[in-house]
Amino acid sequence: MEKLIEQFSLGLFVWQLILFIGLVLLLKKFAWKPILNAVNEREEGIKNALDEAENARKEMQNLTADNERILKEARAERDILLKEAREMKEGMIADAKEEAKIQATKVIEQAQATIQAEKQAAIAEIKNQVAELSLSIAEKVVRGELSDKAKQTKLVEDMLKEVTL
Amino acid sequence: MHRNNIVKLLTLLLLTVTISVKAQHDTHNETPVEDAHSGKDIKTEIKEYINHHLLDSYDFTLFSYTNDAGEHKYIGAPLPVILWDGGLQVFSSSKFNHGETVAEVNGNYYKVYHNKIYKTDAEGTISYDEAHHPTNAKPLDFSITKNVVFIFLVGLLMLFMFSKMAKNYKKSAVPTGLGRLLEPIILYIRDDIAIPNIGKKHYKRYMSYLLTIFFFVWIINLLGLTPLGVNVTNNIAVTLALALMTYFITTFSGNKDYWKHIFWMPGVPTLMKIILAPIELLGTFIKPFSLMIRLYANITAGHIVLMSIIGLMFIFKNWIGSPLSFGLAFALSLLELLVAALQAYIFTMLSALYFGSAVEEHDHH
């Protein structure tokens with residue numbers, strides 16, 4: 001201990017204090033602050049970049065999930081649309097068939113009615129014609145027969161035989 | 001533990017060597033090897049050389065030798081001596097001729113005795129008291145000694161190194177060159193020393209001090225191991241200055257809780273509080289004191305052992321001496337490399353711990 005006190009040099013102590021404090025202050029200004037700041041900035045940068053990458057990854061995942069969901073929805077919608085379209089088509093065809101059938105029946109009925117009417121008309125016409133013809137024959141016969149009494153009766157009888165209705 | 005074992009081993013080896021040297025002396029009945037110049041035997045000379053190496057010096061001497069004519073020659077440069085002796089006295093240390101002559105400045109005479117400057121008369125007479133301590137007046141000494149020069153050079157080196165590193169960050173966020181080596185250490189100090197001990201809230205205030213002290217102690221310890229061998233941290237003045245700074249920073253950043261835990265420890269009976277207060281107060285001084293002694297003692301011990309082992313080479317003049325000495329010195333140098341970093345780490349770590357206790361916020365429920 002005595003040796004230590006004897007060895008102690010005030011000059012060296014004072015110089016060491018001055019030089020060391022000076023060194024701390026100078027290094028603080030020119031070295032430690034810029035170095036620590038740069039390191040901090042870099043670490044922050046790395047951390048941010050990692051965070052961003054993670055976020056981007058999550059977003060990407062979300063996007064993919066969204067895409068898939070949308071695709072699924074779209075598919076489902078398309079299926080529904082297609083189904084609807086098919087149903088509609090089938091409905092339309094069925095309707096059209098029905099309509100056509102009704103229309104056809106109507107046409108057929110009308111045609112039959114017309115045919116019937118025409119037939120009736122033709123029959124009536126024929127009847128008229130026959131009547132007129134009969135009358136004119138009858139008139140002629142009557143005129144010829146009327147000259148000969150026997151003949152007249154015979155004619156009338158023949159005529160009547162001929163005419164069948 | 002590991003260190004202790006190695007120290008024990010070394011002590012054992014040293015003992016064996018001493019015994020064998022004695023045996024050698026006995027068998028051959030040799031006279032101790034005399035030094036031509038001073039007449040001291042070589043063991044004393046080595047001891048003195050080690051002591052001298054551990055001390056500060058007024059010259060920047062790289063090495064010295066004795067030439068054929070028996071004169072000591074020194075290779076190095078003189079440094080300015082600054083004294084306050086009723087006025088500022090500045091002169092070159094070459095006036096002392098390495099402690100061999102009396103320096104005359106403005107009518108005052110100064111002499112270096114045991115590495116301290118004393119005021120003397122023209123002949124350089126030094127009078128002693130009973131305990132063989134000089135009674136001459138000691139002027140206030142603020143000389144730029146070898147250690148001051150070295151501290152300054154290390155400061156410049158650090159300033160150059162780290163400001164260059166800081167500039168590199170402006171160019172790219174990734175460290176380049178030396179920064180690649182230094183950045184992990186800086187981050188280690190931040191993440192494993194400052195933040196766990198001080199806490200995330202306050203650590204930023206202390207980073208500059210912690211980083212500076214770590215690199216300062218480490219670099220200066222490492223350079224002390226180079227052949228240049230300028231020891232700075234084995235001066236109690238240097239470690240005292242460092243420890244005092246830690247003490248003052250701790251004391252001035254102490255919050256209410258810190259002082260409360262010292263003077264009025266919560267959660268113990270009143271009688272205990274009264275007993276604990278002086279102990280805790282003493283503790284605040286002992287903590288930096290231990291910092292001072294630890295660094296000083298570790299580095300000093302390392303250098304003494306290392307130089308003693310190298311000194312063995314000169315004592316132990318046979319075929320086994322040099323390889324043994326070399327092997328031991330090499331192993332110890334490796335250990336000292338570790339110690340250099342370890343002491344810097346411990347100093348920084350404990351400083352951070354003390355700062356942490358000063359700013360810690362306790363929750364009392």
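Collect residues whose amide H, placed 1.01 Å from N in the peptide plane, falls under 5 Å from the amide H of B:Asp59; neighbours closer than 5 in sequence don't count.
The answer is B:Lys146.
Using a basic spin-label model with each label point 7 Å from the Cα along Cα→Cβ, how many nm lie between B:Phe63 and B:Ala122?
About 4.1 nm separates the two model spin labels.
Per the 1.4 Å probe, what fraction of the accessible area of region B:146-359, in percent, lies on carbon and sulfur atoms? Working shown, then result.
Working: 7340 of 9650 Å².
Of all accessible area on region B:146-359, carbon and sulfur atoms account for 76 percent.
Connecting C-alpha atoms closer than 10 Å in a GNM of chain B, tell me which of B:Tyr118, B:Tyr296, B:Tyr128 has the biggest fluctuation.
Looking only at B:Tyr118, B:Tyr296, B:Tyr128, the largest GNM fluctuation is found for B:Tyr128.
Which helices count as membrane-span-like in chain B under these terms: full DSSP H, at least 27 Å along the axis by C-alpha, Kyte-Doolittle mean of 0.5 or more?
Numbers: long enough: B:2-28 (39 Å, 0.25); B:146-171 (38 Å, 0.85); B:203-224 (30 Å, 1.12); B:270-315 (64 Å, 1.50); B:321-359 (55 Å, 1.53).
Both cut-offs are met by B:146-171, B:203-224, B:270-315, B:321-359.
Mind checking which lysines have their Cα closer than 28 Å to the Cα of B:Lys260? Skip sequence neighbours fewer than 8 apart in that chain.
The reachable lysines, counting only those whose Cα sits under 28 Å from B:Lys260, are B:Lys200, B:Lys201, B:Lys204, B:Lys273, B:Lys287.
Which order do peptides A:45-57, B:319-331 fall in by mean Cβ count within 10 Å, highest first?
Values: A:45-57: 10.2, B:319-331: 14.3.
Descending packing order for the listed peptides: B:319-331, A:45-57.
Ballpark to the nearest 100 Å², how much total accessible area do A and B bury together, probe 1.4 Å?
Values: alone 15410 and 21440 Å², together 33170 Å².
Interface area, both chains combined: 3700 Å², rounded to the nearest 100.
Along the Cα→Cβ direction, 7 angstrom out, place labels at B:Met272 and A:Ile5. What is the inter-label distance in nm?
3.7 nm
Hydropathy first: keep DSSP H helices in chain A averaging at least 0.5 on Kyte-Doolittle, then drop any whose Cα extent along the axis falls short of 18 Å, and list what survives.
Working: long enough: A:10-27 (25 Å, 2.68); A:33-147 (163 Å, -0.63); A:149-162 (20 Å, -1.06).
The qualifying helices are A:10-27.
Quantify, in whole percent, the carbon and sulfur part of the accessible surface of region B:69-144 (1.4 Å probe; protein heavy atoms only). Please report the intermediate quantities before stating the final value.
On the way: 2250 of 4240 Å².
After summing per-atom areas, the C and S share lands at 53 percent.
Work out the FRET efficiency for B:Asp191 and B:Ser290 from their Cβ-Cβ distance, taking R0 = 41 Å, and round it to the nearest 0.05. Could you put the intermediate results ahead of the total?
On the way: r = 25 Å, r/R0 = 0.62.
So, using R0 = 41 Å, E works out to roughly 0.95.
Could you name the aspartates and glutamates whose alpha carbon sits less than 12 Å from that of B:Lys95, not counting residues in the same chain fewer than 8 places away?
Those aspartates and glutamates meeting the cut-off are B:Asp59, B:Glu104.
Of the residues A:Ile80, A:Ile18, A:Ile137, which exhibits the maximal mean-square fluctuation in a Gaussian network model of chain A defined by a 10 Å Cα contact cut-off?
A:Ile18
Once you charge only the Cβ atoms, +1 for Lys and Arg and -1 for Asp and Glu, what is the size of the charge dipole of the protein assembly as shown about its Cα centre, to the nearest 20 debye?
340 debye
For B:Leu140, enumerate residues with amide H under 5 Å from its amide H, sequence gap 5+ or separate chain, H modeled in the peptide plane.
Placed amide hydrogens put B:Trp84 under 5 Å from B:Leu140.
Can you list the residues, at least 5 places off or on another chain, whose amide H is less than 5 Å from the amide H of B:Lys116, using H built in the peptide plane?
none
At a Förster distance of 35 Å, what's the computed FRET efficiency of A:Asp66 paired with B:Ala173, Cβ-Cβ distance as r, to 0.05?
Details: r = 36 Å, r/R0 = 1.03.
That gives a FRET efficiency of 0.45.
Keeping all protein chains in place, calculate the accessible area per residue for chain A (probe 1.4 angstrom), answer in Å². Intermediate values should be presented prior to the final figure.
On the way: 13490 Å² over 165 residues.
Each residue of chain A exposes 82 Å² on average to a 1.4 Å probe.
Counting only heavy atoms of protein chains, what accessible area per residue, in Å², does region B:189-263 have with a probe of 1.4 Å? List each step's numbers first, then the result.
On the way: 2760 Å² over 75 residues.
Result: 37 Å² per residue.
Once you've got the GNM for chain B with C-alpha springs shorter than 10 Å, pick whichever of B:Ile50, B:Ile186, B:Ile126 has the biggest mean-square fluctuation.
So, out of B:Ile50, B:Ile186, B:Ile126, the one fluctuating most is B:Ile126.
Report, ordered by chain and residue number, the lysines lying within cross-link reach of A:Lys127, taken as a straight Cα distance under 20 Å and ignoring same-chain residues fewer than 8 apart.
Within reach: A:Lys119, A:Lys140, A:Lys161.
Among rounded, prolate and oblate, which fits the protein assembly as shown when a ≥ b ≥ c are the square roots of the eigenvalues of its C-alpha gyration tensor, a/c under 1.5 means rounded, and a/b larger than b/c means prolate? Working shown, then result.
Details: a/c = 5.50, a/b = 4.60, b/c = 1.20.
Since a/c reaches 1.5 and a/b is larger than b/c, the shape of the protein assembly as shown is classed as prolate.
The values are calculated or read from the model by the stated rules, or taken from the named source; none is laboratory data. Keep in mind it's a predicted model, so treat the numbers as computed, not measured. Counting neighbours? That spans all protein chains shown, and the Cβs are built from the backbone with ideal geometry, glycine included. Areas reflect the complete protein model, heavy atoms only, side chains present, ligands, DNA and RNA absent. Shrake-Rupley method; radii C 1.70, N 1.55, O 1.52, S 1.80 Å.
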